[in-house]
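**Student:** Sharing a structure, written as structure tokens. Questions coming.
The values are calculated or read from the model by the stated rules, or taken from the named source; none is laboratory data. Given the structure is predicted, the values throughout are model-derived calculations rather than measurements. Cβ coordinates were reconstructed from backbone atoms using ideal geometry, including for glycine residues, and neighbour counts include every protein chain displayed. The accessibility values were calculated without ligands, DNA or RNA, using every heavy atom of the protein model including side chains. Shrake-Rupley method; radii C 1.70, N 1.55, O 1.52, S 1.80 Å.
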Amino acid sequence: MSDINSRGYTNPDKLVSTDWVAANLNEAGIRIIESNEDPLLYPSGHIPGAVEVDWVKDLNDPLRRDYLDKSGFEALASRIGITSETTVVFYGDKSNWWATYALWVFELFGHSNAKVMDGGRLKWAEEGRELTREKPSISPTSYSAPERDDSQIRAFRDGVLAHIQDHGQLVDVRSPGEYTGEKLHMEGYPQEGAVRGGHIPGADNVPWSRAANEDGTFKTAAELRAIYLDEIGLNPEQPTVAYCRIGERSSHTWFVLRNLLGFSDVRNYDGSWTEWGNSVGLPIEK
Amino acid sequence: MPGYPPKLQDYLDDFGFISTRDERIDFLIAISDDFEPVPASVATKPYEEAQRVIGCESEAFVWAIDRPDGTLDFHFDVLNPQGLSAMAMCAILDQSCSGAPLEQVAAINGEVVFTFFGKDISMGKGRGLTEIINAVVYAANQRLARL
């Protein structure tokens, strides 16, 4: 894959290469963070010095369907040894889908000094780079976080309803089968987490993985523009909402639209289909 | 009730004693270390799509080979090198279902996934792992139907 700076991204600083990570492993002020779907991966071997942020136990409120609050984020930041000045670099499995999810949550707390390691865990491993089972010894830090700000990059149900009534831009990043609702009726899939199958009216379907190459790296800006601008006609200057099933896959697309293509107002609807498809009175399309 | 294959029941009992997430993870990683992909005598890449576990994002494949005693030998592969959970699931099924009475294999409920992996795994992962079990159960039922 080409050098990140040559790919034409709006904000190439949000991505770092595996070479960059390898060269900065021991730099003060940088924290490498692994976030995966599969909880076995980090303990089985991770980048030396990397800490784990788990999407279930670290990022979600255990009792409400919501993310952790200010005090929870401060406790997490302390545990992983970061301050508000620390550059955090996320990487993980599934072409960094969970890494972008964690990054998105960190940005809800204003920790915008956050980057993603291009290609994620798979690229690091396939390059034969070191993985260790040794957990780093972290000195707890003091982190004073602002209240979580859901107003800029997060979308809620009522906002999405108003958005579609205004014919706003909406990207459904699930698989085509989920988008059409066909999957709810497949044998062996008695529940898909929602009562109804289909999509939010007006949404275009671009599965999140189309933004990634086979090796998990992000496609070039020209390739991404061909998908999101030319193919489905998104306008980077118009408000855009991305959603999937619970907001994890759509955080990958959110990252692409906002940071790589420079969309000015893009939000991740984390309620996504598990909320929309189960809600009374909301319209759907098949 | 035919019960479960004894080795599978042993695993379920062992996991029932686990009290912490870290213990569970360490146990599963140890099991995944025992995963052995399908031998070349049974299948070589590229595999037949008929052997693919639909719904498993770790790209698991399952083979069921007749044994002279009427039971089945199960073999697995997981193409995603990061599919450790899938490898652990396949290792458990390989060790516990190969040569086990078909009625016991056919009786396995996919819900055992949550005994092994806990209830906080993602919906996608839970579904993929359950589908590996379903593939094994399906093969056992198919074999029973031929008896």
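**Student:** Given a 1.4 Å probe and every protein chain left where it sits, what share in percent of the accessible area of the protein assembly as shown is carbon and sulfur? Walk me through the numbers before you get to the answer.
**Tutor:** On the way: 8930 of 18410 Å².
Summing carbon and sulfur atoms, their accessible area is 48 percent of the total for the protein assembly as shown.
**Student:** Which GluC sites (Glu not before Pro) from the stretch B:53-147 combine a DSSP loop assignment with at most 13 other Cβ atoms within 10 Å?
**Tutor:** Working: sites: B:GLU57, B:GLU59, B:GLU103, B:GLU111, B:GLU131; in loops: B:GLU57, B:GLU59, B:GLU111.
In loop regions of the stretch B:53-147 (DSSP not H, G, I, E or B), the sparsely surrounded GluC sites (Glu not before Pro) are B:GLU111.
**Student:** Evaluate the Kirkwood expression for the hydrodynamic radius of the stretch A:130-284, namely the inverse of the mean inverse distance over all pairs of different C-alpha atoms, and round to one decimal in Å. Spell out each step's value before the answer.
**Tutor:** Details: mean 1/r = 0.0590 Å⁻¹.
So the Kirkwood estimate lands at 17.0 Å.
**Student:** In the stretch B:34-131, what trypsin sites (Lys or Arg not before Pro) fall in a loop by DSSP, with at most 16 other Cβ atoms inside 10 Å? Each step should come with its number before you reach the end.
**Tutor:** Working: sites: B:ARG52, B:LYS119, B:LYS125, B:ARG127; in loops: B:LYS119.
Hits after loop and neighbour filter: B:LYS119.
**Student:** When chain B is treated as a GNM, springs tying every alpha-carbon pair under 10 Å, which of B:SER41, B:SER58, B:SER85 comes out with the largest mean-square fluctuation?
**Tutor:** B:SER41
**Student:** Looking at the stretch A:20-60, which residues lose a minimum of 20 Å² of accessible area between their chain alone and all protein chains in place, measuring with a 1.4 Å probe and not counting ligands or nucleic acids?
**Tutor:** Buried-area filter returns A:GLU37, A:ASP38, A:PRO39, A:LEU40, A:LEU41, A:PRO43, A:SER44, A:TRP55, A:VAL56, A:LYS57.
**Student:** Shifting gears a bit: Hey, what's the stretch A:206-264 come to in accessible area per residue, 1.4 Å probe, Å²? Please report the intermediate quantities before stating the final value.
**Tutor:** Working: 1900 Å² over 59 residues.
With all protein chains present, the stretch A:206-264 gives 32 Å² per residue.
**Student:** Kindly compute the accessible surface that chains A and B hide from a 1.4 Å probe when together, both sides summed, and give it to the nearest 100 Å². Mind showing how you got there, number by number?
**Tutor:** On the way: alone 12570 and 7940 Å², together 18410 Å².
Approximately 2100 Å² gets buried when A meets B.
**Student:** Please state, as a whole number in µm²/s, the translational diffusion coefficient that the Stokes-Einstein equation yields for the protein assembly as shown at 25 °C and 0.890 mPa s, with Rh defined as the Kirkwood radius across alpha carbon pairs. Working shown, then result.
**Tutor:** Numbers: Rh = 22.9 Å.
So the translational diffusion coefficient is about 107 µm²/s.
**Student:** Within a 10 angstrom radius of each residue's Cβ in B:16-29, how many Cβ atoms of other chains show up on average? Whole number is fine. Before the final figure, lay out each step's value.
**Tutor:** Details: counts 0, 0, 0, 0, 0, 4, 2, 0, 2, 6, 3, 0, 5, 7.
The per-residue average across the peptide is 2.
**Student:** Taking 30 Å² as the minimum loss, tell me which residues in the stretch A:110-140 lose that much accessible area going from the chain by itself to the full protein complex (1.4 Å probe).
**Tutor:** Flagged in the stretch A:110-140: A:LEU122, A:ARG133.
**Student:** Here's another thing I want to ask about it. For each pair in A:LYS14/A:LYS123; A:LYS123/B:LYS119; A:LYS70/A:LYS94; A:LYS14/A:LYS135; A:LYS57/B:LYS119, compute the distance between the two Cα atoms and list the pairs where it is over 23 Å. The partial results should precede the final answer.
**Tutor:** Numbers: A:LYS14/A:LYS123 17 Å; A:LYS123/B:LYS119 29 Å; A:LYS70/A:LYS94 28 Å; A:LYS14/A:LYS135 26 Å; A:LYS57/B:LYS119 12 Å.
Violating the 23 Å limit, Cα to Cα: A:LYS123/B:LYS119; A:LYS70/A:LYS94; A:LYS14/A:LYS135.
**Student:** Continuing with this model, one more query. Kyte-Doolittle cut-off -0.5, length cut-off 30 Å along the helix's own axis using Cα: show which whole DSSP H helices in chain B pass.
**Tutor:** On the way: long enough: B:123-146 (34 Å, -0.02).
Helix filter hits for chain B: B:123-146.
**Student:** Using a 10 angstrom cutoff on alpha carbons, build the Gaussian network for chain B and name the most mobile of B:LEU93, B:LEU12, B:LEU72.
**Tutor:** Among B:LEU93, B:LEU12, B:LEU72, the largest mean-square fluctuation in the Gaussian network model of chain B belongs to B:LEU12.
**Student:** Let me ask something additional. Have a look at A:LEU257, A:LEU25, A:LEU108 and tell me which one the Gaussian network model of chain A (Cα, springs below 10 Å) gives the largest fluctuation.
**Tutor:** A:LEU25
**Student:** Now for a separate question. Have a look at the stretch B:124-146 and report residues whose accessible surface goes down by 10 Å² or more when the remaining protein chains are included, against the chain on its own, probe 1.4 Å, ligands and DNA/RNA excluded.
**Tutor:** With the partner chains in place, the stretch B:124-146 has these residues losing at least 10 Å²: B:GLY124, B:LYS125, B:ARG127, B:GLU131.
**Student:** Also, quick follow-up: Using the Kyte-Doolittle scale, which helices in chain A average at least -1.0 and also have C-alpha atoms spread 15 Å or more along the helix axis, with helices defined as whole DSSP H runs? Intermediate results must be reported in sequence, preceding the final value.
**Tutor:** Working: long enough: A:97-108 (17 Å, 0.83).
Length and hydropathy pass: A:97-108.
**Student:** Still on this structure, I have one more. Name the shape class, rounded, prolate or oblate, that the alpha-carbon gyration tensor gives for chain B, where a ≥ b ≥ c are the square roots of its eigenvalues, rounded holds for a/c under 1.5, and otherwise prolate holds if a/b is larger than b/c and oblate otherwise. Don't skip to the end; give the middle numbers.
**Tutor:** Values: a/c = 1.72, a/b = 1.22, b/c = 1.41.
Judged from the Cα gyration tensor, chain B comes out oblate (a/c at least 1.5, b/c at or above a/b).
**Student:** Could you put B:ASP33, A:ASP66 in order of accessible surface area, largest first, with the 1.4 Å probe and the full protein assembly present?
**Tutor:** On the way: B:ASP33 95, A:ASP66 30 Å².
From most exposed to least exposed: B:ASP33, A:ASP66.
**Student:** Let me ask another. Got the relative contact order for chain A handy, in percent, Cα pairs under 8 Å and 6 or more residues apart? Present the calculation step by step, with values, prior to reporting the outcome.
**Tutor:** Numbers: 564 pairs, mean separation 60.1, N = 286.
Averaging sequence separation for qualifying contacts and normalising by length gives 21 percent for chain A.
**Student:** Do you know the relative contact order of the stretch A:75-162, to the nearest whole percent, from alpha carbon pairs under 8 angstrom that are 6+ apart? Provide the component values of the computation, followed by the final result.
**Tutor:** Working: 98 pairs, mean separation 34.6, N = 88.
Rounded, it is 39 percent for the stretch A:75-162.
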